[in-house]
Amino acid sequence: MLLFAQAGPEKETSEDAITRITDFYTEASDFVIEQGPYWITNAVAAIAVLFLGWVAARVFRSLFNRALNRSRIDNTLSGFLSNIAYALMIGLVVIAALNQLGINTTSLAAVVGAAGLAIGLALQSSLSNFASGIMLILFRPFGVGDFVEVGGATGVVQEVHIFHTVMKTIDNKRVIIPNGEITGDVITNFTGHATRMVDLEIGCGYNDDIRAVKKLFIEILEADERILQDPAVEVRVFELGDSAIIFKVRGWVVTSDWWATRCDIVEEIKVRMDEEGFHIPFPQRDVHLYRESEKQPA
(Lines give C-alpha, C1' and ligand atoms only; values in the text may rest on other atoms or scores of the structure.)
Protein backbone atom coordinates (compact mmCIF):
# COMPACT_ATOMS: atom_id res chain seq x y z
CA MET A 1 0.00 0.00 0.00
CA LEU A 2 1.24 3.36 -0.94
CA LEU A 3 0.82 6.15 1.55
CA PHE A 4 0.68 9.70 0.29
CA ALA A 5 1.59 12.42 2.71
CA GLN A 6 0.00 15.81 2.11
CA ALA A 7 1.87 18.78 3.31
CA GLY A 8 -0.21 21.15 5.46
CA PRO A 9 -0.15 24.91 5.27
CA GLU A 10 2.98 26.50 6.44
CA LYS A 11 2.69 27.94 9.88
CA GLU A 12 3.24 31.65 10.23
CA THR A 13 6.42 32.32 12.10
CA SER A 14 6.98 35.14 14.53
CA GLU A 15 9.21 36.82 11.98
CA ASP A 16 6.34 36.92 9.43
CA ALA A 17 3.97 38.43 11.99
CA ILE A 18 6.50 41.09 12.86
CA THR A 19 6.98 41.79 9.17
CA ARG A 20 3.23 42.25 8.61
CA ILE A 21 2.87 44.54 11.59
CA THR A 22 5.86 46.54 10.40
CA ASP A 23 4.37 46.88 6.92
CA PHE A 24 1.01 48.00 8.36
CA TYR A 25 2.72 50.53 10.60
CA THR A 26 4.75 51.80 7.66
CA GLU A 27 1.66 52.20 5.48
CA ALA A 28 -0.25 53.91 8.28
CA SER A 29 2.63 56.24 8.95
CA ASP A 30 2.88 57.13 5.27
CA PHE A 31 -0.90 57.74 5.13
CA VAL A 32 -0.79 59.98 8.20
CA ILE A 33 2.21 61.86 6.88
CA GLU A 34 0.69 62.30 3.43
CA GLN A 35 -3.04 62.65 4.20
CA GLY A 36 -2.93 63.79 7.83
CA PRO A 37 -2.60 67.50 7.18
CA TYR A 38 -5.44 67.35 4.64
CA TRP A 39 -7.86 65.60 7.01
CA ILE A 40 -6.82 67.68 9.99
CA THR A 41 -7.33 70.86 8.01
CA ASN A 42 -10.75 69.68 6.79
CA ALA A 43 -11.78 68.61 10.30
CA VAL A 44 -10.79 71.99 11.74
CA ALA A 45 -12.60 73.75 8.90
CA ALA A 46 -15.72 71.60 9.47
CA ILE A 47 -15.69 72.38 13.19
CA ALA A 48 -15.28 76.08 12.39
CA VAL A 49 -18.19 75.90 9.94
CA LEU A 50 -20.37 74.21 12.55
CA PHE A 51 -19.54 76.75 15.24
CA LEU A 52 -19.88 79.83 13.06
CA GLY A 53 -23.03 78.47 11.44
CA TRP A 54 -24.58 77.75 14.84
CA VAL A 55 -23.82 81.31 15.99
CA ALA A 56 -25.18 82.77 12.75
CA ALA A 57 -28.34 80.65 13.02
CA ARG A 58 -29.00 81.87 16.57
CA VAL A 59 -28.48 85.50 15.56
CA PHE A 60 -30.73 85.08 12.52
CA ARG A 61 -33.46 83.46 14.65
CA SER A 62 -33.36 86.36 17.10
CA LEU A 63 -33.53 88.99 14.35
CA PHE A 64 -36.25 87.09 12.50
CA ASN A 65 -38.33 86.77 15.66
CA ARG A 66 -38.02 90.51 16.35
CA ALA A 67 -39.10 91.31 12.81
CA LEU A 68 -42.16 89.08 13.14
CA ASN A 69 -43.10 90.65 16.47
CA ARG A 70 -42.84 94.13 14.97
CA SER A 71 -45.22 93.07 12.22
CA ARG A 72 -47.76 92.15 14.95
CA ILE A 73 -47.88 88.47 14.08
CA ASP A 74 -49.21 86.19 16.80
CA ASN A 75 -46.52 85.16 19.31
CA THR A 76 -47.26 81.47 18.78
CA LEU A 77 -46.78 81.73 15.03
CA SER A 78 -43.71 83.99 15.27
CA GLY A 79 -41.99 81.59 17.67
CA PHE A 80 -42.83 78.60 15.51
CA LEU A 81 -41.60 80.25 12.29
CA SER A 82 -38.40 81.35 14.03
CA ASN A 83 -37.71 77.79 15.17
CA ILE A 84 -38.40 76.45 11.66
CA ALA A 85 -35.95 78.96 10.16
CA TYR A 86 -33.38 78.04 12.82
CA ALA A 87 -33.74 74.31 12.09
CA LEU A 88 -33.34 74.89 8.34
CA MET A 89 -30.19 76.93 8.86
CA ILE A 90 -28.71 74.28 11.16
CA GLY A 91 -29.45 71.65 8.49
CA LEU A 92 -27.62 73.73 5.87
CA VAL A 93 -24.69 74.21 8.24
CA VAL A 94 -24.41 70.46 8.85
CA ILE A 95 -24.44 69.78 5.11
CA ALA A 96 -21.73 72.40 4.57
CA ALA A 97 -19.60 70.83 7.31
CA LEU A 98 -19.96 67.36 5.79
CA ASN A 99 -18.96 68.74 2.39
CA GLN A 100 -15.93 70.32 4.03
CA LEU A 101 -14.91 66.86 5.24
CA GLY A 102 -15.15 65.58 1.70
CA ILE A 103 -18.30 63.51 2.28
CA ASN A 104 -20.66 63.27 -0.69
CA THR A 105 -24.00 64.63 0.57
CA THR A 106 -25.94 63.96 -2.63
CA SER A 107 -26.96 60.46 -1.58
CA LEU A 108 -27.63 61.72 1.94
CA ALA A 109 -29.99 64.35 0.56
CA ALA A 110 -31.82 61.68 -1.44
CA VAL A 111 -32.24 59.53 1.68
CA VAL A 112 -33.48 62.51 3.70
CA GLY A 113 -35.93 63.42 0.92
CA ALA A 114 -37.32 59.89 0.76
CA ALA A 115 -37.63 59.77 4.54
CA GLY A 116 -39.39 63.15 4.50
CA LEU A 117 -41.87 61.89 1.93
CA ALA A 118 -42.62 58.78 3.96
CA ILE A 119 -43.05 60.80 7.13
CA GLY A 120 -45.30 63.28 5.31
CA LEU A 121 -47.60 60.50 4.10
CA ALA A 122 -47.72 58.94 7.57
CA LEU A 123 -48.49 62.27 9.23
CA GLN A 124 -50.95 63.54 6.64
CA SER A 125 -53.68 64.39 9.15
CA SER A 126 -51.20 66.09 11.45
CA LEU A 127 -49.86 68.16 8.57
CA SER A 128 -53.44 69.14 7.72
CA ASN A 129 -53.94 70.33 11.30
CA PHE A 130 -50.63 72.18 11.09
CA ALA A 131 -51.64 74.01 7.89
CA SER A 132 -55.03 74.84 9.42
CA GLY A 133 -53.31 76.19 12.53
CA ILE A 134 -51.20 78.50 10.38
CA MET A 135 -54.37 79.76 8.66
CA LEU A 136 -56.15 80.34 11.98
CA ILE A 137 -53.23 82.31 13.37
CA LEU A 138 -52.72 84.35 10.21
CA PHE A 139 -56.34 85.19 9.34
CA ARG A 140 -57.70 85.19 12.93
CA PRO A 141 -61.37 84.30 12.46
CA PHE A 142 -61.48 84.26 16.26
CA GLY A 143 -59.14 85.02 19.13
CA VAL A 144 -58.57 84.02 22.72
CA GLY A 145 -61.61 85.02 24.80
CA ASP A 146 -64.13 84.90 21.94
CA PHE A 147 -67.33 82.90 22.30
CA VAL A 148 -67.55 80.72 19.21
CA GLU A 149 -69.17 77.66 17.69
CA VAL A 150 -66.60 75.57 15.81
CA GLY A 151 -66.05 71.89 15.08
CA GLY A 152 -69.34 70.89 16.68
CA ALA A 153 -68.52 72.58 20.01
CA THR A 154 -69.59 75.90 21.54
CA GLY A 155 -67.59 77.77 24.13
CA VAL A 156 -64.92 80.35 24.93
CA VAL A 157 -61.57 80.05 23.16
CA GLN A 158 -58.74 79.64 25.66
CA GLU A 159 -55.73 78.67 23.55
CA VAL A 160 -54.91 78.54 19.84
CA HIS A 161 -51.99 76.24 19.02
CA ILE A 162 -50.42 75.10 15.77
CA PHE A 163 -52.16 71.70 15.78
CA HIS A 164 -55.26 72.21 17.97
CA THR A 165 -57.49 74.76 19.68
CA VAL A 166 -58.57 74.59 23.33
CA MET A 167 -62.06 75.77 24.35
CA LYS A 168 -64.06 75.97 27.57
CA THR A 169 -67.77 75.21 27.27
CA ILE A 170 -70.54 76.96 29.16
CA ASP A 171 -70.67 74.13 31.71
CA ASN A 172 -66.87 74.40 32.24
CA LYS A 173 -65.71 71.46 30.15
CA ARG A 174 -62.31 71.59 28.43
CA VAL A 175 -62.61 70.73 24.73
CA ILE A 176 -59.61 70.21 22.44
CA ILE A 177 -60.45 70.42 18.72
CA PRO A 178 -58.02 69.60 15.88
CA ASN A 179 -57.51 72.68 13.73
CA GLY A 180 -58.33 70.73 10.57
CA GLU A 181 -61.91 70.23 11.79
CA ILE A 182 -62.24 73.95 12.50
CA THR A 183 -61.17 75.29 9.10
CA GLY A 184 -63.14 72.58 7.30
CA ASP A 185 -66.41 73.60 8.97
CA VAL A 186 -68.50 76.73 9.54
CA ILE A 187 -67.05 79.12 12.15
CA THR A 188 -69.57 81.18 14.12
CA ASN A 189 -68.02 83.92 16.24
CA PHE A 190 -70.71 85.30 18.57
CA THR A 191 -68.37 87.97 19.96
CA GLY A 192 -66.70 88.93 16.70
CA HIS A 193 -68.33 92.40 16.67
CA ALA A 194 -68.72 95.03 19.35
CA THR A 195 -72.54 95.08 19.10
CA ARG A 196 -75.21 92.47 18.53
CA MET A 197 -78.95 92.49 17.82
CA VAL A 198 -81.60 91.21 20.21
CA ASP A 199 -84.09 89.71 17.76
CA LEU A 200 -87.38 88.42 19.18
CA GLU A 201 -90.62 87.13 17.70
CA ILE A 202 -93.55 87.87 20.02
CA GLY A 203 -97.20 87.08 19.27
CA CYS A 204 -100.41 88.70 20.45
CA GLY A 205 -104.04 87.69 20.05
CA TYR A 206 -106.14 88.66 17.06
CA ASN A 207 -108.53 90.44 19.40
CA ASP A 208 -105.80 92.69 20.84
CA ASP A 209 -105.14 96.24 19.64
CA ILE A 210 -101.97 95.75 17.59
CA ARG A 211 -101.11 99.47 17.69
CA ALA A 212 -101.24 99.45 21.48
CA VAL A 213 -99.16 96.23 21.55
CA LYS A 214 -96.59 97.77 19.23
CA LYS A 215 -96.39 100.90 21.40
CA LEU A 216 -95.88 98.73 24.49
CA PHE A 217 -92.99 96.84 22.89
CA ILE A 218 -91.29 100.09 21.89
CA GLU A 219 -91.67 101.47 25.44
CA ILE A 220 -90.09 98.32 26.90
CA LEU A 221 -87.11 98.52 24.59
CA GLU A 222 -86.52 102.23 25.09
CA ALA A 223 -86.81 101.91 28.86
CA ASP A 224 -83.89 99.49 29.02
CA GLU A 225 -80.63 101.46 29.30
CA ARG A 226 -78.64 98.63 27.70
CA ILE A 227 -80.52 99.02 24.41
CA LEU A 228 -78.53 101.32 22.13
CA GLN A 229 -80.19 104.37 20.58
CA ASP A 230 -78.26 103.93 17.34
CA PRO A 231 -79.34 101.87 15.50
CA ALA A 232 -82.88 102.67 16.63
CA VAL A 233 -85.20 100.04 18.03
CA GLU A 234 -87.55 98.38 15.57
CA VAL A 235 -90.98 96.81 16.16
CA ARG A 236 -93.02 95.61 13.16
CA VAL A 237 -95.89 93.29 12.43
CA PHE A 238 -94.11 90.35 10.87
CA GLU A 239 -96.70 87.68 10.20
CA LEU A 240 -100.38 86.83 10.59
CA GLY A 241 -99.96 83.38 12.05
CA ASP A 242 -102.46 80.58 12.56
CA SER A 243 -103.27 81.58 16.12
CA ALA A 244 -101.41 84.86 16.72
CA ILE A 245 -100.19 88.09 15.17
CA ILE A 246 -96.38 87.87 15.17
CA PHE A 247 -94.23 90.94 15.90
CA LYS A 248 -90.53 91.34 15.18
CA VAL A 249 -88.98 93.09 18.20
CA ARG A 250 -85.40 94.26 17.60
CA GLY A 251 -82.84 96.30 19.49
CA TRP A 252 -79.05 96.55 19.49
CA VAL A 253 -76.85 96.04 22.54
CA VAL A 254 -73.17 95.74 23.42
CA THR A 255 -72.18 92.14 22.73
CA SER A 256 -71.28 91.42 26.35
CA ASP A 257 -74.84 92.47 27.42
CA TRP A 258 -76.68 90.41 24.80
CA TRP A 259 -77.61 87.35 26.85
CA ALA A 260 -78.80 89.16 29.98
CA THR A 261 -80.65 91.82 27.99
CA ARG A 262 -82.49 89.28 25.85
CA CYS A 263 -83.67 87.31 28.88
CA ASP A 264 -84.74 90.45 30.75
CA ILE A 265 -86.63 91.83 27.73
CA VAL A 266 -88.56 88.58 27.28
CA GLU A 267 -89.51 88.58 30.98
CA GLU A 268 -90.56 92.23 30.91
CA ILE A 269 -92.72 91.71 27.82
CA LYS A 270 -94.58 88.83 29.48
CA VAL A 271 -95.18 90.81 32.69
CA ARG A 272 -96.30 93.98 30.91
CA MET A 273 -98.62 92.15 28.50
CA ASP A 274 -100.32 90.47 31.43
CA GLU A 275 -100.71 93.84 33.19
CA GLU A 276 -102.12 95.51 30.06
CA GLY A 277 -104.54 92.66 29.40
CA PHE A 278 -102.94 91.54 26.15
CA HIS A 279 -102.79 87.87 25.30
CA ILE A 280 -99.90 85.68 24.17
CA PRO A 281 -101.71 82.94 22.28
CA PHE A 282 -100.54 79.38 22.07
CA PRO A 283 -101.55 76.81 19.46
CA GLN A 284 -105.04 75.42 20.06
CA ARG A 285 -107.04 72.70 18.38
CA ASP A 286 -110.78 72.16 18.58
CA VAL A 287 -111.82 68.51 18.88
CA HIS A 288 -115.45 67.65 18.13
CA LEU A 289 -116.88 64.39 19.44
CA TYR A 290 -119.98 62.73 17.94
CA ARG A 291 -121.96 59.76 18.98
CA GLU A 292 -122.27 56.93 16.49
CA SER A 293 -125.91 57.73 15.91
CA GLU A 294 -125.16 61.44 15.36
CA LYS A 295 -122.69 60.95 12.49
CA GLN A 296 -123.80 62.64 9.32
CA PRO A 297 -123.84 60.62 6.13
CA ALA A 298 -120.86 61.28 3.83
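Of the candidates 236, 196, the single residue that is touching a helix residue (DSSP H, G or I) at 6+ places or on another chain (Cβ under 9 Å) and surrounded by 13 or more Cβ atoms within 10 Å (Cβ to Cβ) is 196.
The test for being closer than 30 Å to residue 177 by Cα and at pLDDT 75 or above does not hold for residue 69. Summed over the range 245-267, residues that are touching a helix residue (DSSP H, G or I) at 6+ places or on another chain (Cβ under 8 Å) and touching a residue at least 60 places away in the same chain (Cβ under 8 Å) total 1. When the residues of the range 169-183 are filtered to those that are farther than 16 Å from residue 146 by Cβ and touching a strand residue (DSSP E or B) at 6+ places or on another chain (Cβ under 7 Å), the one that is surrounded by the most Cβ atoms within 10 Å (Cβ to Cβ) is 178. Of all the residues in the range 144-191, those that are more than 15 Å from residue 134 (Cα to Cα) and either hydroxyl-bearing (Ser, Thr, Tyr) or not in a strand (DSSP E or B) (or both) number 17.
Across the range 214-221, a minimum of one residue is classified as modelled with pLDDT of 85 or more, surrounded by fewer than 16 Cβ atoms within 10 Å (Cβ to Cβ) and out of contact with any strand residue (DSSP E or B) (no Cβ under 6 Å at 6 or more places or on another chain). In this entry, residue 82 is excluded by the filter for residues that are touching a helix residue (DSSP H, G or I) at 6+ places or on another chain (Cβ under 7 Å), assigned to a helix (DSSP H, G or I), at pLDDT below 70 and closer than 24 Å to residue 135 by Cα.
When the test is whether a residue is farther than 30 Å from residue 163 by Cβ, part of a loop (DSSP other than H, G, I, E, B) and among the acidic types (Asp, Glu), residue 199 does not pass it.
The values are calculated or read from the model by the stated rules, or taken from the named source; none is laboratory data. Since this is a predicted model, take the numbers as computed values, not measurements. All Cβ positions, glycine included, derive from the backbone under ideal geometry; neighbour counts span all protein chains shown.
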